[in-house]
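Engineer: A single structure is presented below for examination.
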Amino acid sequence: ARAVPPERRPVLANLSRVLAGAAPDRIEAAVAQTFANFGAFFADLLTLNRRPGADLRAYVARADGEHHLDAALAVGRGVVLLTAHLGNWEFAGRLLSTRGGRTAHVVLSAEQDQALEQYLRLDGPQLRFVTRRHATSTLGLLAALRRGELVAMQADRPTGGRGDALAPFFGEPAAFPLGPFVLARAAGAAVIPACCAMAPGGRYRLEIDPAIWVKPGEEQAALGSVVATLERVIRAYPTQWFNFFGAWSPVHGRA
């Protein structure tokens, strides 16, 4: 945390709101723990995430709600799996790509240093990373959903453009991407919030919520439901929320 003050500042600001009312020393300790946790997750990203999906169950302490995902996939219209920059989201994508023999498409923003991507993103037989470099990068995702496949996206960072919408978040409006809900509505796919946080002992806890079926004109309402779930999960694991940007930035307030 001391080595990267530009990232430390937004983490401090975010946790100050999440832990509103906490003593300053507790918030400072939470900031330090967040960076310690990020180091642990980055180590897993380079080691554990390279194992075959079938081997990953040994690292799961508990999995809740997998029947929600199975029921939505059984409809045959695909699933938009919404995670956040919380816990080991890529572990969850690799693990869930083994369910039912379906391909999972994990949508990510481009790394600032593109040379890093070959080390961080390893495609597998049923796992495909889609790097979002321009507006048309995700056109193939609609076809993937119509094939009944999984599309995993992160819902806690806005794009900064017209595709963002405001929703109440820890008592203050914040901007979030509306695109995942537009995509799900267009495909007739379910939206399922999920997270993969580290439990005591270093193993993971997978939590999958009930499906949200987005009807025309209800994209904003679906976003509100997911943001409420996101707030609940962040309250449970505040030092595993790796958002190194200001969640309530004034720039995002123009959404």
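Engineer: If you check residue 214 against the conditions, is it of a type in the set (Val, Ile, Thr), touching a residue at least 40 places away in the same chain (Cβ under 8 Å), open to solvent by less than 40 Å² (accessible area, probe 1.4 Å) and on the phi < 0 side of the Ramachandran plot?
Structural biologist: No: the conditions fail for residue 214.
Engineer: Same structure, new question: Does residue 1 qualify as being under 27 Å from residue 224 (Cβ atoms) and assigned to a loop (DSSP other than H, G, I, E, B)?
Structural biologist: No; evaluated as a whole, the condition is false for this residue.
Engineer: Six or more apart or on different chains, Cβ atoms under 7 Å: show the pairs whose first residue is in region 144-156 and under 20 Å from residue 66 (Cα atoms) and of a type in the set (Asp, Glu) and whose second is surrounded by 23 or more Cβ atoms within 10 Å (Cβ to Cβ) and modelled with pLDDT of 90 or more.
Structural biologist: 149/78
Engineer: Only residues that are surrounded by fewer than 15 Cβ atoms within 10 Å (Cβ to Cβ) and part of a helix (DSSP H, G or I): list them for region 18-27, please.
Structural biologist: 24, 25, 26
Engineer: Which pairs have Cβ atoms under 7 Å, sit 6 or more apart or on different chains, and link a residue in region 164-179 that is in a loop (DSSP other than H, G, I, E, B) to one that is open to solvent by 20 Å² or more (accessible area, probe 1.4 Å)?
Structural biologist: That search, which allows pairs on different chains as well, returns 170/17; 170/231; 178/163; 178/219.
Engineer: Can you run down the residue pairs with Cβ atoms below 6 Å, 6 or more apart or on separate chains, where the first is in region 28-52 and assigned to a helix (DSSP H, G or I) and of a type in the set (Gly, Ala, Ser) and the partner is modelled with pLDDT under 90 and surrounded by 13 or more Cβ atoms within 10 Å (Cβ to Cβ)?
Structural biologist: That search, which allows pairs on different chains as well, returns 32/1.
Engineer: I would also like to ask the following. Report the residue count in region 180-193 for those that are surrounded by fewer than 22 Cβ atoms within 10 Å (Cβ to Cβ) and either assigned to a strand (DSSP E or B) or among the hydroxyl-bearing types (Ser, Thr, Tyr) (or both).
Structural biologist: Summing the residues that are surrounded by fewer than 22 Cβ atoms within 10 Å (Cβ to Cβ) and either assigned to a strand (DSSP E or B) or among the hydroxyl-bearing types (Ser, Thr, Tyr) (or both) in region 180-193 gives 0.
Engineer: Kindly indicate the residue of region 60-74 that is outside any helix (DSSP H, G or I) and open to solvent by less than 50 Å² (accessible area, probe 1.4 Å) and also farthest from residue 193 (Cα to Cα) among those meeting that condition.
Structural biologist: Residue satisfying both the conditions and the ranking: 60.
The values are calculated or read from the model by the stated rules, or taken from the named source; none is laboratory data. Computed from a predicted structure; not experimentally measured. Cβ atoms come from the backbone with ideal geometry, glycine included; neighbour counts cover every protein chain shown. We work out accessible area using only protein heavy atoms, side chains counted, and drop any ligands, DNA or RNA first. Shrake-Rupley method; radii C 1.70, N 1.55, O 1.52, S 1.80 Å.
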